[in-house]
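Enquirer: Before we start, here is the structure in question, set down as structure tokens.
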Amino acid sequence: MRAFALLLLAAVLVASTTVAAASASEPSLRIKTAARQIDLSTHLTRITLDLTVENTGSAAASSLLVALEGDRDPSLVSAIAAPSPKTQLAVAREPAADARLFRITLESPLAAGKSIEVTVRFVVAGAQTAHPREITQQEVQRARFVGRLHVPSPYQVAEQTTTVTLPSNNVVQYTRTKPVSASGSTIKYGPYHDVAPFSVAPLSVHFEAATPFLTTRSVKRLIEVSHWGNIAVEDVIHLQNTGAQHKGEFSRYDYQRGQPAGHIVRSFASHLPLSARDIYYRDVIGNISTSHVREGDSEVLVEVTPRFPLLGGWQTVYTLGYNLPTAPFLYTGSSGFKLTIPFLDQIHDTLVVEDAEVRVVLPEGAANIQVHTPFEVEQSRDVHFTYLDTTGRPVVVLKKQNLVREHLEQFTVTYTFSTTSMLQEPLLVVGFFFALFSTILVLNRIDYSISAPKTKKD
Amino acid sequence: MAEYTPYNAPLNPASFSTLAFILIVIGLIFAGTFFVQQVTTSKQNRNLVQELSGAGLASVFLGFGTLFLLLTVGIYV
């Protein structure tokens, strides 16, 4: 009997060591507290996770996993940890089939028994869907958000709360899994205790979304650098109201008469750099006169009113361009030139760009081109021909999908360029004029007379 | 990392219009002189060097004048 007990003990010991060995590669982490904030106040869903992660294993953990609900890829995932809130942690998508998992690499490994506070932010476009799908001009738009009641996590969560922020007090319906409390435009869920990993309990909120679902389908930006002292920027912007589809006919009378419904885009403000000048706003028809430029302290605001209000599903394409002086954007040094310029401007406040293409046209003769972007982009090269070009100007083409306001940082292009090659363009014109005058010289020396020269008789 | 200083154009962009005007006027004077010379000088009194230098001066002034005219109107080449 005693021998049997010893054998059983040995078997248990062996089993526990194999479990420990299996989890050595994935240290056993546990989330002590999780506070999730789901901000639905605009059509861009912003989710903030405040996690206190504890390492309950024996090995140090160098990374941790976070999950995201829904079937939408986030536009942005960023993470910071408590002791150094300014350092962005590296976030990489896990190639997992069943969930949207992201691996966050910690600055220094988390020792066994220690805990760390991590804040993760997600920005997701398209997580809210208009419901009903179609509304008339006068109706109020409602949207539905479907997510998970519990913080999606591959780890056990000891205690968690969720706060949902809505654009207004008007809630049609929301998941009422106790404890839950709603006051004003916020709904608080929790605290829930000891939730198993990957809980699938649903959370759905149906609310009044009186702000327009303004989505930028594409932006094509052209930046032309001239060493004669100018940087020309031109954006071709395709906007669409991706909220509830417009049903019935559009009444201009009803639209003008009262306060139009909140889901209709009447006008919006674009934020341009402070030194922007010669601003133009036009489309295929020509100049659009309904815009106002206001100069702020740190930026130039262009109040853009499209030719027609954008109702659900309606779209518009327009061009907005301006000139910048070289001084605060183009730098010169011993190793060449450096162009530091915003990737895009804030076209409107709840910016989400599905497809962005930035083409940087450098002066003819620029070489050793290098691009540094604050986020990953698809890069390629091209050649652009314009006035007084011979071999064409080198173009850097940058493409990025799913861009939000947080991406609007400056990027840098460095290149070498000989200042004397600036003289190439005027010399081309000089050569043209000289060829013209030389032709006159030659033509004037040709003898056009029909009869033979009479020089001998003189 | 190399030190960088803000880059400014070799000439102040505000002076482009004045430059364009002056250079084109001078260029037109030279071009005019060249044409008058071409039409009035007889075959015996021709001087190729003088004519070529006149043409050269006219094209230099007109060429740079045209460039600054382009820059003034906003075609930043």
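Enquirer: Sort out which residues of segment A:216-234 are of a type outside the set (Ser, Thr, Tyr) and within 14 Å of chain B (Cβ to nearest Cβ), and write them in order of number.
Expert: Within segment A:216-234, A:Leu222, A:Ile223, A:Glu224, A:Val225, A:His227, A:Trp228, A:Gly229, A:Asn230, A:Ile231, A:Ala232, A:Val233, A:Glu234 meet the criteria.
Enquirer: Condition first: more than 10 Å from every other protein chain (Cβ to nearest Cβ) and assigned to a strand (DSSP E or B). Can you find one or more residues in segment A:416-435 that meet it?
Expert: Yes, the conditions are met somewhere in segment A:416-435.
Enquirer: I'm trying to understand the selection: among the residues of segment B:1-15, which are within 8 Å of another protein chain (Cβ to nearest Cβ) and in a helix (DSSP H, G or I)?
Expert: B:Pro13 - this is the single residue of segment B:1-15 that is within 8 Å of another protein chain (Cβ to nearest Cβ) and in a helix (DSSP H, G or I).
Enquirer: Would you confirm whether or not segment A:181-195 contains a residue that is assigned to a loop (DSSP other than H, G, I, E, B), open to solvent by less than 60 Å² (accessible area, probe 1.4 Å) and within 18 Å of A:Ala34 (Cβ to Cβ)?
Expert: No; the residues of segment A:181-195 include none that is assigned to a loop (DSSP other than H, G, I, E, B), open to solvent by less than 60 Å² (accessible area, probe 1.4 Å) and within 18 Å of A:Ala34 (Cβ to Cβ).
Enquirer: Can you tell me which of A:Val383, A:Val360, A:Val397 is β-branched (Val, Ile, Thr) and either outside the structural domain of A:Ser218 (by TED's automatic domain parsing) or open to solvent by 70 Å² or more (accessible area, probe 1.4 Å) (or both)?
Expert: A:Val383
Enquirer: Sticking with this structure for a sec: Which residue is nearest to B:Pro6 (Cα to Cα), if the candidates are limited to segment A:334-367 and must be polar (S, T, N, Q) and within 13 Å of another protein chain (Cβ to nearest Cβ)?
Expert: A:Thr340
Enquirer: So A:Tyr253 fits all but one of (1) in a helix (DSSP H, G or I); (2) in contact with an Asp or Glu (Cβ under 9 Å, 6 or more places away or on another chain); what number is the exception?
Expert: (2)
Enquirer: Moving on. Take segment A:29-48 and flag every residue that is in a strand (DSSP E or B), farther than 15 Å from A:Pro154 by Cβ and open to solvent by 10 Å² or more (accessible area, probe 1.4 Å).
Expert: Those that are in a strand (DSSP E or B), farther than 15 Å from A:Pro154 by Cβ and open to solvent by 10 Å² or more (accessible area, probe 1.4 Å): A:Lys32, A:Thr33, A:Ala35, A:Gln37, A:Asp39, A:Arg46, A:Thr48.
Enquirer: Only one of these conditions is not met by A:Gln156: (1) crowded, with 21+ Cβ neighbours inside 10 Å; (2) under 29 Å from A:Leu29 (Cβ atoms). Which number is it?
Expert: Evaluating A:Gln156 over (1) crowded, with 21+ Cβ neighbours inside 10 Å; (2) under 29 Å from A:Leu29 (Cβ atoms) leaves (1) as the failure.
Enquirer: Continuing with this model, one more query. Examine segment B:51-59 for a residue that is in a helix (DSSP H, G or I), open to solvent by 70 Å² or more (accessible area, probe 1.4 Å), at the interface with chain A (Cβ under 10 Å from one of its Cβ atoms) and at pLDDT below 95, and state whether such a residue exists.
Expert: no
Enquirer: If you don't mind, another one. Just name the residue that is least open to solvent (accessible area, probe 1.4 Å) out of those in segment B:33-47 that are more than 8 Å from chain A (Cβ to nearest Cβ) and assigned to a helix (DSSP H, G or I).
Expert: Among residues in segment B:33-47 that are more than 8 Å from chain A (Cβ to nearest Cβ) and assigned to a helix (DSSP H, G or I), the one least open to solvent (accessible area, probe 1.4 Å) is B:Gln37.
Enquirer: Working carefully through the options B:Leu23, B:Leu71, B:Leu19, find the one that is facing chain A (nearest Cβ under 7 Å), open to solvent by less than 80 Å² (accessible area, probe 1.4 Å) and in a helix (DSSP H, G or I).
Expert: Of the residues listed, the single one that is facing chain A (nearest Cβ under 7 Å), open to solvent by less than 80 Å² (accessible area, probe 1.4 Å) and in a helix (DSSP H, G or I) is B:Leu71.
Enquirer: Using beta carbons and a limit of 7 Å, which pairs, at least six apart or on different chains, have the first residue in segment A:279-305 and under 17 Å from A:Asp235 (Cβ atoms) and in contact (Cβ under 8 Å) with a residue 12 or more places away in the chain and the second one loosely packed, with under 13 Cβ neighbours inside 10 Å and of a type in the set (S, T, N, Q)?
Expert: As it stands, the answer is A:Thr305/A:Thr290, since those pairs meet every condition given.
Enquirer: Let me ask you something else. Identify all residues within segment A:213-250 that are open to solvent by less than 40 Å² (accessible area, probe 1.4 Å) and either in a helix (DSSP H, G or I) or under 12 Å from A:Leu311 (Cβ atoms) (or both); write none if there are none.
Expert: If the condition is that a residue be open to solvent by less than 40 Å² (accessible area, probe 1.4 Å) and either in a helix (DSSP H, G or I) or under 12 Å from A:Leu311 (Cβ atoms) (or both), then A:Phe213, A:Leu214, A:Gln240, A:Asn241, A:Gly243, A:Ala244, A:His246 are the ones that fit.
Enquirer: Could I ask something else about it? When the residues of segment A:130-144 are narrowed to those that are part of a strand (DSSP E or B) and in contact with a Ser or Thr (Cβ under 7 Å, 6 or more places away or on another chain), which ends up nearest to A:Ile104 (Cα to Cα)?
Expert: Restricting to residues being part of a strand (DSSP E or B) and in contact with a Ser or Thr (Cβ under 7 Å, 6 or more places away or on another chain), the top hit is A:Arg144.
Enquirer: Being in contact with a helix residue (DSSP H, G or I) (Cβ under 6 Å, 6 or more places away or on another chain) and either polar (S, T, N, Q) or in contact (Cβ under 8 Å) with a residue 12 or more places away in the chain (or both) is the filter here, so list the residues in segment A:426-458 that pass it.
Expert: A:Val429, A:Asn444
Enquirer: Turning to a different aspect of this structure: For the subset of segment A:139-153 comprising residues that are touching a Pro at 6+ places or on another chain (Cβ under 9 Å) and open to solvent by 50 Å² or more (accessible area, probe 1.4 Å), which member is nearest to A:Gly190 (Cα to Cα)?
Expert: Filtering first and then ranking leaves A:Arg148.
Enquirer: (1) under 22 Å from A:Val225 (Cβ atoms); (2) open to solvent by 80 Å² or more (accessible area, probe 1.4 Å): which one isn't true of B:Tyr76, the others all being true?
Expert: Of everything listed in (1) under 22 Å from A:Val225 (Cβ atoms); (2) open to solvent by 80 Å² or more (accessible area, probe 1.4 Å), B:Tyr76 misses just condition (2).
Enquirer: Out of the residues in segment A:274-333 meeting the condition of being within 14 Å of chain B (Cβ to nearest Cβ), open to solvent by 20 Å² or more (accessible area, probe 1.4 Å) and of a type in the set (A, V, I, L, M, F, W, C), tell me which one is farthest from B:Asn8 (Cα to Cα).
Expert: Applying the filter and picking the extreme gives A:Ile279.
Enquirer: Can you tell me which residue in segment A:162-180 is nearest to A:Ser199 (Cα to Cα), limited to those that are hydroxyl-bearing (Ser, Thr, Tyr) and in a strand (DSSP E or B)?
Expert: The qualifying residue nearest to A:Ser199 (Cα to Cα) is A:Thr162.
The values are calculated or read from the model by the stated rules, or taken from the named source; none is laboratory data. These figures come from a predicted structure and were not determined experimentally. So basically every Cβ, Gly included, is an ideal-geometry build from the backbone, and we count neighbours across all protein chains shown. To get the accessible areas, we keep the full protein, side chains included, count just its heavy atoms, and leave off ligands, DNA and RNA. Shrake-Rupley method; radii C 1.70, N 1.55, O 1.52, S 1.80 Å.
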